[in-house]
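Shown next, in structure tokens, is the structure this report addresses.
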Amino acid sequence: MPEEPETPETQEVPKATEAAQPPQVRTLDARSLRGLAHPLRMRLLAALRQDGPATASQLGERLGESSGATSYHLRQLAAHGFVEDAPEHGKGRERWWRATQECTQFDESLVFSADPETRGAADVFLHEIATIHAQEVNGWLGRADAWPVEWRRASDLSDFTLRLTPEQSLELVRRMHELVRSYSDLPQAEGAETVRVHTHAFPRHSGE
């Protein structure tokens with residue numbers, strides 16, 4: 001299964017360094033999936049990965065949630081190892097949080113788990129990823145006119161229909177991921193912005 005941003009997750013863009021390091025990847029097992037598969041938790045984790053350390057109050061303002069709700073769900077994420085304290089950012093009694101990994105990898109076998117709770121969590125996780133992707137695309141379209149024409153030309157909203165075997169589809173997905181990852185090693189350039197890249201590949205019945 002392709003790696004997902006946590007969306008808003010899915011894989012986040014690593015900050016540039018002199019020698020780029022492989023991204024820190026968290027592969028979900030049944031327990032960690034059940035701990036993450038909640039819309040607000042997934043959005044909190046994505047916010048910390050994309051924008052860096054923050055407090056529960058800051059995240060609440062950003063996501064339109066109460067600080068009590070964000071604080072509770074941050075503690076749940078910490079219990080499953082997705083976030084941790086960022087004491088170097090703290091002032092007084094403020095508690096800052098940071099993500100412990102850069103991206104999450106979903107194990108497709110979780111969809112077929114014998115445990116109905118795990119199957120349910122897998123369904124919540126995947127549908128939330130799809131929701132986040134749709135919201136990000138719609139958000140871009142709603143704000144695109146505020147960006148320079150160079151960025152309008154550099155954006156993409158395409159789809160393709162191919163005739164493939166499962167093995168060929170998997171090869172295509174892996175090759176796309178390798179290509180995207182190769183750009184994470186580029187040195188920071190003037191004019192660079194954080195760019196979100198979504199990949200979707202799935203079979204369809206004729207007539208759908």
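The values are calculated or read from the model by the stated rules, or taken from the named source; none is laboratory data. Just so it is clear, the structure is predicted and the values come from calculations on it, not from any experiment. We place every Cβ from the backbone using ideal geometry, glycine too, and count neighbours over all the protein chains shown. Please note that ligands, DNA and RNA were not included when accessible areas were found on the heavy atoms of the full protein model with its side chains. Shrake-Rupley method; radii C 1.70, N 1.55, O 1.52, S 1.80 Å.
Note on Val173: accessible area approximately 20 square angstrom, rounded to 10, probe 1.4 Å, nucleic acids and ligands left out. For region 81-186, applying the loop criterion from DSSP together with a ceiling of 10 other beta carbons within 10 Å to the trypsin sites (Lys or Arg not before Pro) yields Lys91, Arg93, Arg163.
Of all the options Gln168, Gln50, Gln24, the one that moves most in a Gaussian network model of the chain with Cα springs shorter than 10 angstrom is Gln168.
Backbone phi angles across region 153-159, fed through the Karplus curve with coefficients 6.51, -1.76 and 1.60 (θ = phi - 60°), yield HN-Hα couplings of 5, 8, 8, 8, 9, 10, 9 Hz in residue order; Gly and Pro are listed as x.
Given a 1.4 angstrom probe, I'd like the percentage of the accessible area of region 39-112 that is carbon and sulfur, rounded to a whole number. Accessible surface attributable to carbon and sulfur in region 39-112 totals 46 percent. Potential lengthening of the chain between Ala134 and Leu164 amounts to 8.3 nm, from the contour at 0.36 nm per residue minus the alpha-carbon distance. Legend: calculated FRET efficiency, Arg153 to Arg181, from the Cβ-Cβ distance at R0 = 22 Å, rounded to 0.05, equals 0.40.
When all C-alpha to C-alpha distances in the chain are sorted into bins of 10 Å, what percent of pairs does each bin hold, rounded to whole numbers? Over the chain, the share of Cα pairs per 10 Å bin runs 7, 30, 36, 21, 5, 0, 0 percent. Measuring r between the beta carbons of Glu171 and Val195 and using R0 = 25 Å, the FRET efficiency lands at 0.55. Note that the chain presents 65 Å² accessible area per residue, ligands and nucleic acids not counted, probe 1.4 Å. Of the solvent-accessible surface of region 167-208, computed with a 1.4 Å probe over protein heavy atoms with every protein chain present, carbon and sulfur atoms account for 53 percent.
Among Asp159, Asp85, Asp115, the largest mean-square fluctuation in a Gaussian network model of the chain (Cα springs under 10 Å) belongs to Asp159. Beta bridges from DSSP with both residues in the chain: antiparallel share about 75 percent, rounded to the nearest 5.
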